[in-house]
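The values are calculated or read from the model by the stated rules, or taken from the named source; none is laboratory data. Nothing here was measured: the structure is a model prediction, and the numbers come from that model. Here the Cβ is made from the backbone with ideal geometry for all residues, glycine too, and neighbour counts use every protein chain on show. Just so you know, the surface numbers come from the protein's heavy atoms only, side chains and all, with ligands and any DNA or RNA stripped out. Shrake-Rupley method; radii C 1.70, N 1.55, O 1.52, S 1.80 Å.
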Amino acid sequence: MPERAELLPGVWRLPLPLRDSPLGHVNTYLVRADDGYLLVDCGWDTADTLEALEGHLRALDIPIEDVRHLVITHIHPDHYGLAGRLRELTRADLTFHRLERLYIEERYGTADELLSEMHEWLRLNGTPAAELDRLNRGSMGMLERVKVAFPDRTLDGGEEITCGRFAFRVLWTPGHSAGHICLYDAQHKVLLSGDHVLPHITPSVGLHVRTTSNPLADYLDSLRLIGRLEAELVLPGHGEPFHGLPERTDALLAHHQRRLDEIVELLSKEPERLLTGYVIASRMNWSRRRTWDDLSGFERRLAVTEALAHIELLDARGLVQKRFAEGEISYFVNGA
């Protein structure tokens, strides 16, 4: 766990533990406001996460009731899970993007229905019958780490959140999540990037059964938008705060281009064969140290949905085509 730190006058990073997660921790950010404090993201709903947050606040001599505002970059459990508990303890007003509000019920309220739809989605995309339950139920443990809370205010992007000496512009940055937002203060040249831009890992961008639009296209577009900002300090959801935002966004764009090229190359090697999303994902290079056989069910599910997001973009660009036959979706390169 990294140390708590005041990164700018009135802005603290409060790292919170993510037990049993390879991420290790999530960064929450506390900002001094005129009427108390704003907290950006809050970790998931476990006892050790709440204890860590309360410990940070005690060390800063801040009563937890003084957290008056809670802004969530997106409703994934590690950023949103504790929100319901904090609402009970602090009565803080809760704010996030309206698209994230739309997904609360289906993600956390009607999980059985979503599981059934995802099971069929994975089957359609070539997941072997013996693997379906393993992949489909890989994320179910996360539901226990979320206490649902609905927002007092929803955002569309473009709003300004004034907080003490800071005036954060809300930037809608879809891709990792449909309603992901970043917060940017132009005067102080600081960006709170959530999971949109991380210093050492690439955010997961997946296509699944209830995805709308083209998530990777959305992500790349919003990544280019963020890369043009004059931000001297980036405060990410995971990892260390960093400088060099344009270089990092360029590296992420190049990473996804390599993924796109890899898929075209895989399909071109066997132009006479149609490959499913599962087969394509199983042949891609996901790690320098681990093979497909080393991945857990949850990791394989992420890999399949990420592969499908890349394939969807290739299809939109006319480089790959899809075919539905015999109850399965498969892909081939144009001209095959």
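When Ser204, Ser268, Ser177 are compared by accessible surface with a 1.4 Å probe, the order from highest to lowest is Ser268, Ser204, Ser177. For Glu270, the solvent-accessible surface with a 1.4 Å probe is about 40 Å², rounded to the nearest 10. A helix-only calculation puts the chain at -11000 deg cm²/dmol for mean residue ellipticity at 222 nm, using -39500 (n - 2.57) for each DSSP H run of at least four residues, averaged over all residues. In order along region 237-249, the Karplus-derived 3J(HN,Hα) couplings, from 6.51 cos²θ - 1.76 cosθ + 1.60 at θ = phi - 60°, round to x, 9, x, 8, x, 8, 10, x, 4, x, 5, 6, 5 Hz, and Gly and Pro are given as x. Size estimate for region 107-161 follows the Kirkwood approach: the inverse of mean 1/r over distinct Cα pairs works out to 13.8 Å. Each residue was assigned an accessible area with a 1.4 Å probe, and for Tyr108 the value is about 40 Å². Across Leu192, Leu70, Leu229, mean-square fluctuation computed from a Gaussian network of the chain (C-alpha pairs under 10 Å connected) peaks at Leu229. The Cα atoms of region 72-121 define a convex hull whose projected area, averaged across directions, is 4.0 nm². Only one residue of Ser213, Tyr184, Ala92 has its Cα farthest out toward the positive end of the dipole of the chain, where Lys and Arg carry +1 and Asp and Glu -1 on Cβ, and that residue is Ser213.
Using +1 at the Cβ of each Lys and Arg and -1 at the Cβ of each Asp and Glu in the chain, identify which of Ala149, Gly126, Tyr103 lies farthest towards the dipole's positive end. In the chain, that residue is Gly126.
Relative to the current alpha-carbon distance between Asp93 and Glu240, full extension at 0.36 nm per residue lengthens the span by 50.2 nm.
Note that region 266-273 has calculated 3J(HN,Hα) couplings of 4, 6, 6, 5, 10, x, 7, 9 Hz, one per residue in order, obtained from phi through the Karplus relation 6.51 cos²θ - 1.76 cosθ + 1.60 (θ = phi - 60°); glycine and proline are x. Ignoring ligands, DNA and RNA, what percent of the accessible area of region 183-336 is carbon or sulfur (1.4 Å)? Reported share for carbon and sulfur atoms: 48 percent.
For region 45-120 versus region 234-262, the spacing of their alpha-carbon centroids is 26 Å. Pairwise inverse Cα distances across the chain, averaged and inverted, put the Kirkwood hydrodynamic radius at 20.8 Å. When the Cα positions of Leu7, Pro77, Leu267 are compared along the charge dipole of the chain, Leu267 comes out farthest toward the positive end, with charges on each C-beta of Lys, Arg, Asp and Glu. Computed with a 1.4 Å probe over protein heavy atoms only, the accessible surface of region 175-221 comes to 30 Å² per residue. Quantify how much of the Cα-Cα distance distribution of region 213-270 extends past 12 Å, in percent. Summing the P(r) of region 213-270 above 12 Å gives 72 percent of all pairs.
Kirkwood radius and radius of gyration were both taken over the C-alpha atoms of region 22-136, and their ratio Rg/Rh is 1.10. Taken about its Cα centre, the chain carries a charge dipole of about 480 debye when Lys and Arg each add +1 at the Cβ and Asp and Glu each add -1 at the Cβ.
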